[in-house]
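Here is the structure we will look at, set down as structure tokens.
Read the figures in this text as sums done on the coordinates, not as results from a lab. Small disclaimer: the values here were computed from a predicted structure and weren't measured. Glycine gets a Cβ as well: all are built from the backbone with ideal geometry, and neighbour counts include every protein chain shown.
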């Protein structure tokens with residue numbers, strides 16, 4: 001049994017964190033949140049970076065918007081840096097360890113968690129950011145992956161989200177999450193964005209390997225195309241050509257139950273298994289493919305009890 005074929009310790013760190021303390025003082029009364037109003041009718045769009053502390057590409061895209069003076073020609077643009085405490089804990093010797101400090105900031109957006117008695121840096125920050133999410137008609141939550149896999153969209157299974165991702169274009173892979181199918185409640189399922197029959201949309205873009213230059217470049221490109229599609233900015237001169245998308249629907253998420261969790265063969269993500277084929281074992285419990293052509297997403301780099309081990313999907 002093996003954990004992964006990806007050796008993160010040898011992966012180049014092409015893009016590293018920069019000091020973002022200059023962006024702390026925004027104009028909303030909430031640290032690291034900046035809002036720009038056009039004074040003209042249009043949607044309120046939130047570009048959210050650093051939901052996870054070591055997902056550097058979102059920081060690159062957000063600082064690009066702020067450094068280059070991007071302003072909406074219609075509607076409202078909000079730019080936020082979410083888990084700044086985790087981001088500030090980056091250690092170049094352990095670059096994968098500051099994803100979160102206590103809670104996964106992309107799993108705690110339920111009323112039960114936000115209104116509950118638990119406390120952590122992530123819960124405190126989510127509670128601060130609630131009005132930011134409440135105000136947004138459209139949300140682009142920028143993420144990256146631990147392994148160098150092809151970029152992809154992730155969104156709750158509503159047509160409004162699929163339509164938005166398809167219209168923006170690249171990445172051309174979509175991971176569709178049935179409502180209630182993923183552990184916890186993510187940023188894009190918070191509040192009205194997790195409900196049927198509402199306007200707007202909320203999507204995650206996974207831009208590639210955490211520290212790759214290509215992920216940072218894609219994050220900036222997607223952000224500009226996202227804003228252009230919604231009418232806030234002019235289309236970039238090199239807008240991506242439209243092409244058919246490949247869509248995968250989540251079937252199961254297997255959480256890591258013990259430290260012995262291990263994959264049956266080396267995996268990075270997007271490997272395909274046939275029905276009944278062994279994918280992983282967790283303390284004697286076999287995780288097998290529930291169908292033919294089952295494609296896995298986001299296999300864990302290093303199993304941590306209580307966190308996601310692997311996502312099982314099927315093409316749709």
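Starting from one equal scatterer on each C-alpha and no solvent at all, send me the Debye-based log10 I(q)/I(0) for region 41-80 at q = 0.20, 0.24, 0.27 Å⁻¹, two decimals.
Here log10 of I(q) over I(0) equals -0.61, -0.79, -0.90.
Can you tell me the orientation of helix 213-229 relative to the chain, as the angle in degrees between its alpha-carbon axis and the longest Cα principal axis, to the nearest 10?
Result, in degrees: 50.
Region 155-214: D in µm²/s via Stokes-Einstein (Kirkwood Rh, Cα pairs, 25 °C, 0.890 mPa s)?
Value of D from the Cα-based Kirkwood radius: 197 µm²/s.
Can you give the relative contact order of region 8-229 as a percent, counting alpha carbon pairs under 8 Å and 6+ residues apart? Spell out each step's value before the answer.
Values: 447 pairs, mean separation 55.8, N = 222.
Reported as a whole number, the value is 25 percent.
With angles folded into 0 to 90 degrees, how steeply does helix 56-67 sit against the dominant principal axis of the chain? Use alpha carbons for both and round to 10.
Taking the Cα atoms of the chain, the angle to 56-67 is about 10 degrees.
Zone of residue 19 (label point 7 Å along Cα→Cβ, backbone N under 16 Å): which residues in region 61-95?
Under cut-off, by backbone N: 88-90.
Among 311, 96, what is the fewest-to-most ranking by other Cβ atoms within 10 Å?
So the ranking, lowest neighbour count to highest, is 96, 311.
Nearest 5 is fine: what % of DSSP beta bridges in region 8-229 come out antiparallel, could you say?
Within region 8-229, antiparallel bridges account for around 25 percent of the total.
First check a/c for region 208-277, with a ≥ b ≥ c the square roots of the eigenvalues of its C-alpha gyration tensor; if it is under 1.5, answer rounded, and if not, answer prolate when a/b is larger than b/c or oblate otherwise.
Note, shape of region 208-277 comes out prolate.
Suppose we look only past 26 Å in the calculated P(r) of region 52-187. What percent of the Cα-Cα pairs does that tail hold?
Taking all Cα-Cα pairs of region 52-187, the fraction more than 26 Å apart is 27 percent.
Helix 121-135 versus the longest principal axis of the chain: what angle, 0 to 90°, nearest 10, using Cα atoms?
Approximately 50 degrees, to the nearest 10.
Hey, any idea what Rg/Rh is for region 230-316, computing Rh the Kirkwood way over Cα pairs?
Here the Rg-to-Rh quotient is 1.17.
Divide by every residue of the chain the summed helix terms, -39500 (n - 2.57) for each DSSP H run of at least 4, and state the resulting mean residue ellipticity at 222 nm, rounded to the nearest 500 deg cm²/dmol.
-6000 deg cm²/dmol
Please arrange 91, 282 by how many other C-beta atoms lie within 10 Å of their C-beta, fewest to most.
Ascending Cβ contact count within 10 Å gives the list 91, 282.
Taking Cα atoms of region 9-130, Rg/Rh with Kirkwood Rh, to two decimals?
On the Cα set of region 9-130, Rg over Rh gives 1.00.
Report, as a whole number in µm² per second, the diffusion coefficient that Stokes-Einstein gives for region 156-314 at 4 °C and 1.567 mPa s using the Kirkwood radius over alpha carbon pairs.
In µm²/s, the coefficient is 75.
Starting from the Kirkwood Rh over alpha-carbon pairs, what translational D in µm² s⁻¹ does region 135-180 have by Stokes-Einstein at 20 °C and 1.002 mPa s? All intermediate terms of the calculation are to be shown ahead of the outcome.
Numbers: Rh = 11.7 Å.
So the translational diffusion coefficient is about 183 µm²/s.
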